[in-house]
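Since the structure comes first, as structure tokens, the remarks are kept for the end.
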Amino acid sequence: MQLSIPKGFFMGAAMSGPQTEGAYKKDHRLESFWDTWSDLSISDFYNKVGSYVGNNFYEKYEEDIKLFKSLHLDSFRTSIQWTRLMDQNQKLNPEGAAFYHKVCACAKDNGIELFMNLYHFDMPAYLYARGGWENREVVEAYATYARTAFREFGKEIRYWFTFNEPIVEPDQEYRSGNWYPFIKDERRGLQVQYHIALAHSLAVREFHKAKEEGYLLDDAQIGLINAFAPPYTKENPTPEDLEALRMTDGIHNRWWLDLCTSGTLPKDVFDTLKEYHAAPEVRPGDEEILKCGRVDWLGFNYYQPTRVQAPKEKLDESGYPRFADPYIWPERRMNVYRGWEIYPKGIYDFGMKMKREYPEMKFFISENGMGVEHEDRFRNEDGEIQDDYRIEFVRDHLEWVFKAIEEGAQCVGYHYWGVIDNWSWSNAFKNRYGFIEVDLMNNYERRLKKSARWIKDLIEQRDNGED
Ligand code: BGP
């Protein structure tokens, strides 16, 4: 199938501040949750590479933005680091702000549309020490940070996002216990998730205030980015499998989709949580705050589908409910390096779900990518990494994106995750995602992989008006 990118469709790069910037002590940047974890237990990170380095975007942002342009990418998303923009008294840190002003100016000079996210799993350590998202004070502090950012950069940024994957911190830090502080407690996870929903809503309220007061561009937009993949279950499901599906979809997807489209959280999910005494604490006035949570558009990060079945045990170690167990689909195809299933059709299924259930809401694919270990193996004689697997991955996903659009999905763009290799949380630099390689042994030098030439040619066809 010949891929043809529609005119006006964003083709861009996705990245985040904490995974790229490095310079972790520059500009009076505060310590983040990740720096705390790295300091406490560096062996939890692949090859003992902690949060400090990123891919040196702090020094190389001009080169990187020019590289995006040279590949014909028209947009890129990164995030402001809360730890860089604000000081401990919750006031603007002018040195941190200066860095982001430079990034905005550089994107503008190169004709690249900047999508700015405010939070990518990177809690300031001093707020984490006060209970992180379990503490309402932190929710308020986030709203102050968002207000400060809107006012400071309002005339430089058109596309704003409150959170990237708000489901990940509740899951990784509080439910599965994969990330520091390794808690396994469904109820605490739900409280954190609820507080993030409030924080998101307060930030959207601040966005509208800032707009009314003239701080923002007239056409500025606010959104939320999540991994919204609709879950699947067995082919001939039992009622219990379907129940697992309902709660997984409810907690992972509908929670955010309902919030962003109607300013509410799903009642059926709350009813079930109450039955199990696991519902988060709700305070008077919260309903009004959540009503502010509606956004202009959504970002959909997609790597793998979620497959679930009825849980074997109905309660976890703390006596809280387990709503689902993973289901291994016998026909699955894997990215063995990351341990994630590759299922491009999931992108189309999400598009169709949006068309059916949230027809007014437009979205873009805000992350999609393939991380591979030891890419050195694939170098040709000229030293270029021949990442045909990545080309195939992107092509397969784009085919389903365009099919969804043809069938009426309001998908307005595609951002590839990790256009330049970056630091991947506890996996550090194990799996490389980039179209562009980063040489860690050689001052973070950037080098194009084969996929970079491929994506450039693909977008160029559109830009030259060819079919
Ligand atoms: C998404 C995150 C990104 C990125 C990506 C790839 O969930 O938003 O920050 O890291 O996943 O995952 P990983 O880096 O763990 O391989």
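Listed peptides 363-376, 230-243 appear in the order 363-376, 230-243 once ranked by packing, highest mean of other Cβ atoms within 10 Å at the front. Normalising the Debye intensity of segment 3-79 to I(0), with uniform scatterers on Cα atoms only, and taking log10 at q = 0.21 Å⁻¹ returns -0.95.
Report the full-extension gain for the segment E235 to Y52: residue separation times 0.36 nm, less the Cα-Cα distance, to one decimal in nm.
Working: separation 183, 0.36 × 183 = 65.88 nm, distance 4.54 nm.
The span from E235 to Y52 would gain 61.3 nm if fully extended.
Computed over the alpha carbons of segment 390-467, Rg followed by Dmax gives 15.1, 47 Å. Classified by the C-alpha gyration tensor, segment 205-332 has an oblate form. Its axis ratio a/c, with a ≥ b ≥ c, is 1.5 or above, and a/b does not exceed b/c. Straight-line cross-link reach from K48 at under 18 Å between alpha-carbon atoms covers these lysines, not counting any fewer than eight positions away in the same chain: K430. Look at the dipole of segment 10-463 built from charges on Cβ: of I459, G154, Q309, the Cα furthest out on the positive end belongs to G154.
Taken along its principal axes, the alpha carbon cloud of the chain reaches lengths of 62, 55, 47 Å, longest axis first. Rounded to the nearest Hz, the phi-derived 3J(HN,Hα) couplings of segment 47-64 under the Karplus curve 6.51 cos²θ - 1.76 cosθ + 1.60 (θ = phi - 60°) are 6, 6, 9, x, 7, 7, 9, x, 10, 6, 4, 3, 8, 10, 4, 5, 4, 5, where x marks glycine and proline. Note on segment 83-223: percent of Cα-Cα distances in each 5 Å bin, starting at 0 and stopping at the bin with the largest distance, equals 2, 10, 19, 21, 19, 14, 9, 5, 2, 0. With contacts taken as Cα pairs under 8 Å at a separation of at least 6 residues, segment 10-463 carries a relative contact order of 17 percent. Here the calculated FRET efficiency for E313 and E288, from their Cβ-Cβ distance with R0 = 45 Å, stands at 0.75, rounded to the nearest 0.05. Each of the peptides 400-409, 27-36 was scored by the mean count of other Cβ atoms within 10 Å over its residues; in descending order, highest first, they stand as 27-36, 400-409. A simple rule links phi to the HN-Hα coupling: the Karplus curve 6.51 cos²θ - 1.76 cosθ + 1.60 with θ = phi - 60°, which for segment 193-198 gives 4, 5, 5, 5, 4, 5 Hz, with x for Gly and Pro.
Summing +1 for each Lys or Arg and -1 for each Asp or Glu, what net charge is found among the other residues whose Cβ lies under 14 Å from the Cβ of R147? Write out the running numbers ahead of the final one.
Values: positive: K91, R151, R205, K209, K211; negative: E140, E152, E206, E212, E213.
Here the charged neighbours net out to 0.
Looking at segment 317-350, the GluC sites (Glu not before Pro) that sit in a DSSP loop and have at most 16 other Cβ atoms within 10 Å of their own Cβ are E317, E331.
Note the full-extension length gain between E407 and K102 as 0.36 nm times their separation in residues minus their Cα-Cα distance, in nm to one decimal. Intermediate results must be reported in sequence, preceding the final value.
Details: separation 305, 0.36 × 305 = 109.80 nm, distance 4.07 nm.
Gain in length upon complete extension: 105.7 nm.
Given K234/K345; K267/K362; K7/K155; K25/K209; K7/K66; K69/K355, which pairs have Cα atoms separated by over 28 Å? All intermediate terms of the calculation are to be shown ahead of the outcome.
On the way: K234/K345 16 Å; K267/K362 24 Å; K7/K155 26 Å; K25/K209 33 Å; K7/K66 22 Å; K69/K355 32 Å.
As for pairs spanning more than 28 Å Cα to Cα, those are K25/K209; K69/K355.
Calculated FRET efficiency, K362 to K184, Cβ-Cβ distance, R0 = 56 Å: about 0.90 to the nearest 0.05. Distance between the pseudo-spin-label points of D109 and E213 (7 Å out from Cα toward the beta carbon): 3.1 nm. Peptides 5-12, 188-195 ranked from most to least packed by the mean count of surrounding Cβ atoms within 10 Å: 188-195, 5-12.
Give, in nm to one decimal, the length gained when the segment between A129 and Q221 is fully stretched (0.36 nm per residue of separation minus the Cα-Cα distance).
Stretched out fully, the A129 to Q221 stretch lengthens by 29.9 nm.
Put simply, the amide H of Y414, placed in the peptide plane, has neighbours under 5 Å in F10, M11, G12, I365, leaving out anything fewer than 5 places away on its chain. What residues qualify as long-range amide H neighbours of Y232, i.e. H under 5 Å apart, gap of 5 or more or another chain, H built at 1.01 Å from N? Those lying under 5 Å, H to H, from Y232 are T306, R307, V308. For segment 10-463, the share of DSSP beta bridges that are antiparallel, to the nearest 5, is 30%. Per residue, the chain reaches -11500 deg cm²/dmol at 222 nm when only DSSP H runs of four or more residues are counted, each adding -39500 (n - 2.57). Backbone geometry of segment 97-110 corresponds, through the Karplus equation with coefficients 6.51, -1.76 and 1.60 at θ = phi - 60°, to 3J(HN,Hα) couplings of 4, 4, 4, 5, 4, 5, 5, 4, 5, 5, 4, 4, 4, 9 Hz, x marking Gly and Pro.
The numbers here are math on the coordinates, done by the rules we state, and not lab data. These numbers come from a predicted model, not from an experiment. Cβ: placed from backbone, ideal geometry, glycine included. Neighbour counts: every protein chain shown.
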